[in-house]
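A short worksheet on the structure shown next.
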Amino acid sequence: MQESVIGDKVIEKVDGKVVSEKDLTHVLAGYKATLSNDKTSEEAKKHAAERIKELEAGTHHKDPKHVVAGMKAAIHNEHVHEDVKVELRQRLKEMGEDVE
C-alpha cells in the first residue's frame, strides 16, 4: 500500500488505485491519542511517533491544483516578466493544462 499526503487528506493507494481518503487532522489525532494512552505498548507508541513524523513531513507536498492556479495567476500578473510568462505557458502545456 502506498500512502501520501495531498493538501489536508491522507490518500492510500493499492496498485495505483485509491482505496482510502482520510482527513489528515483525524489521522494525526489518532496517532497522538496512541502516544498518550497508558495502555498502549511501547512498540505501538514508537510506530505512532514515526507515522506522525512521516505524515507531518508529507504535508509539505504541494497540491497540483494549487500549483496550476498559481502559474495561471502569474501569467495574468502585470508585474511578472514576459520571459517568465512564456516559460509558465510552456510548463502548463506540458502538464496538459489550458494556458488561457
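The values are calculated or read from the model by the stated rules, or taken from the named source; none is laboratory data. Quantities reported herein were computed from a predicted structural model and do not represent experimental measurements. When we count neighbours, we look across all protein chains shown, and the Cβ atoms used for this are built from the backbone with ideal geometry, even at glycine. Just the protein is used for accessible areas: all its heavy atoms, side chains included, with ligands, DNA and RNA removed. Shrake-Rupley method; radii C 1.70, N 1.55, O 1.52, S 1.80 Å.
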Practice item. Within region 41-56, track down each residue that is within 28 Å of residue 67 (Cα to Cα), loosely packed, with under 14 Cβ neighbours inside 10 Å and basic (Lys, Arg). Key: 53
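Only one of 20, 36 is under 30 Å from residue 96 (Cα atoms), modelled with pLDDT of 85 or more and of a type in the set (Gly, Ala, Ser). Can you tell me which?
On the way: 36 fails: under 30 Å from residue 96 (Cα atoms).
One residue alone meets the criteria, 20.
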Practice item. Go through 63, 38, 98 for me and flag whichever is open to solvent by 60 Å² or more (accessible area, probe 1.4 Å) and either within 24 Å of the chain's Cα centre (by Cα) or of a type in the set (Ser, Thr, Tyr) (or both). Key: 98
Revision key, fill the gap. When region 1-10 is checked residue by residue, the ones that are open to solvent by less than 90 Å² (accessible area, probe 1.4 Å), in contact with a strand residue (DSSP E or B) (Cβ under 6 Å, 6 or more places away or on another chain) and not aliphatic (A, V, I, L, M) are 3, 4, 9
Check your understanding: Would you call residue 32 closer than 15 Å to residue 3 by Cα and either hydroxyl-bearing (Ser, Thr, Tyr) or open to solvent by 50 Å² or more (accessible area, probe 1.4 Å) (or both)?
Key -> no
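Examine region 46-68 for a residue that is touching a Lys or Arg at 6+ places or on another chain (Cβ under 8 Å), more than 19 Å from residue 5 (Cα to Cα) and among the hydrophobic types (A, V, I, L, M, F, W, C), and state whether such a residue exists.
We begin by selecting, within region 46-68, every residue touching a Lys or Arg at 6+ places or on another chain (Cβ under 8 Å); these are 48, 52.
When the remaining residues are screened for being more than 19 Å from residue 5 (Cα to Cα), the result is none.
No: zero hits.
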Study note, to complete from the structure: Of 13, 17, the only residue that is basic (Lys, Arg), open to solvent by 90 Å² or more (accessible area, probe 1.4 Å) and either free of Cβ contacts under 8 Å to residues at least 12 places away in the same chain or in contact with a Ser or Thr (Cβ under 9 Å, 6 or more places away or on another chain) (or both) is 17
